[in-house]
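Take a look at the structure set out below.
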Amino acid sequence: MSKFIALKSGILDLASDALDSGFSNLKQQVLLFDQIGIVHLTKFQNYANSFLEENRNRMSSNLVGKMQLMITDLEWLHQMDIIFEPIIQKEIPSPKDVNNKFSLEKLQEIVSLLNTIVDSYPNSPEDVNVEFLANLTEKRDFSIIRLISIFIEVTKGITAVTTRPYIDYTTNLSNSVKSDVTQVIIKKLPLPSNETPWEQVLDYRNDPENQNLLKDLRRWIRKTSSESTSQAELEEEIEWLINKFQNHMKYHKIKANTETLEVLVKAPLEIVEDLVRLKLSKIPEPFFALKKRQLMLMEAEMNAPGRELAYIIKSREAFESQE
């Protein structure tokens, strides 16, 4: 299965996430994606370092500490290859790739994005103000990120989606469903607190059992992305599947617990004593109902409706208490 990566803007997304919540949003996204590509990552890091150096004496110790932690975290995440910097000039495909790999639909979307970038610039200097510059940055960065995601997907066979919601000017662009599905899924995952260490997030995601659940979730995202579903319908479907899975597992846990309890209640006193003293050779077959219970729950989970979303539910159990 191909890698699953997200693309976002360093200028628009990083500072508020780091300073307000200790990178909670980035941690949430790392639970789902193999890597996070951050456009303008180097520019943002250089700006943060310069700003801290020039204003350290005028800033509170709390803010200085937050900025230092942000800079250190970004450097570590970059070294660990959890985040990377995509650069559009490096991702532009060759003419041969364009002729051989790009569909007409993709080429039309590329043209639309390029036109959006060109049309977003002012007609005259009088049109430029703070609001205009903010909108320009958002539109330009979104278009660049979307272009890179198309180039990566088509030329490298990697699933690449944007994390920023689609805004008005992109609603008519083709093939935007995959990002919409992913954005809904991201919101369903827990938001780790600023006290949650990065190592805990990565250990959880990389656990072999969780990796299998994550593969099921990504497969469901790819499948659902090919369907024409509104966001409201998608939200409703996800909640329905999560509810079905939880009810299914709740029923089977009760059933398994009841059967195990029946075995224990019916067991003679001497057998219980042998169990306490770990005389395993004298323990009869019914006591292996404890092992059978585990197998029953594993089988129930494999056959549960909505099992593709089990990763979301287990992630909530692991991290929601830390929010």
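Each value in this text was obtained by applying a stated rule to the coordinates, not by laboratory testing. Everything numeric in this text was worked out from a predicted model, so none of it was measured. Cβ: placed from backbone, ideal geometry, glycine included. Neighbour counts: every protein chain shown.
Annotations
- Most tightly packed first, judged by the mean number of other beta-carbon atoms within 10 Å of their residues, the peptides 55-65, 10-20 read 10-20, 55-65.
- Label sites at Leu202 and Leu52, each approximated as a point 7 angstrom past Cα along Cα to Cβ, lie 1.9 nm apart.
- Residues whose amide H falls under 5 Å from that of Ile83, counting only those 5 or more places apart or on a different chain, are Ile36, His78, with hydrogens built in the peptide plane.
- Couplings 3J(HN,Hα) for the range 59-67, derived from phi with the Karplus relation 6.51 cos²θ - 1.76 cosθ + 1.60 (θ = phi - 60°), are 9, 5, 4, 5, 5, 4, x, 5, 5 Hz, where x marks Gly and Pro.
- Computed over the range 4-228: relative contact order in percent, which uses C-alpha pairs under 8 Å that are six or more apart: 29 percent
- Averaging the Cα positions of each part gives two centres, and for the range 54-76 and the range 187-253 these lie 34 Å apart.
- Put simply, the range 4-228 fits an ellipsoid with semi-axes of 29, 26, 15 Å; these come from the alpha carbon gyration tensor as the roots of five times its eigenvalues, largest first.
- Order of Tyr311, Tyr204, Tyr47 - criterion: other Cβ atoms within 10 Å of each residue's Cβ, fewest first: Tyr47, Tyr204, Tyr311
- Shown in residue order for the range 140-149 are the 3J(HN,Hα) couplings computed by the Karplus curve 6.51 cos²θ - 1.76 cosθ + 1.60 at θ = phi - 60°: 5, 5, 4, 5, 4, 5, 5, 4, 4, 4 Hz (x for Gly and Pro).
- 21 Å Cα-Cα threshold exceeded, pairs from Lys3/Lys215; Lys106/Lys223; Lys101/Lys215; Lys8/Lys96; Lys156/Lys314; Lys106/Lys215: Lys101/Lys215; Lys8/Lys96; Lys156/Lys314; Lys106/Lys215
- Scalar couplings 3J(HN,Hα) for the range 199-215, obtained by applying the Karplus form with A = 6.51, B = -1.76, C = 1.60 to θ = phi - 60°, are 4, 5, 4, 5, 4, 5, 4, 8, 4, x, 5, 5, 4, 5, 5, 5, 4 Hz; x denotes Gly and Pro.
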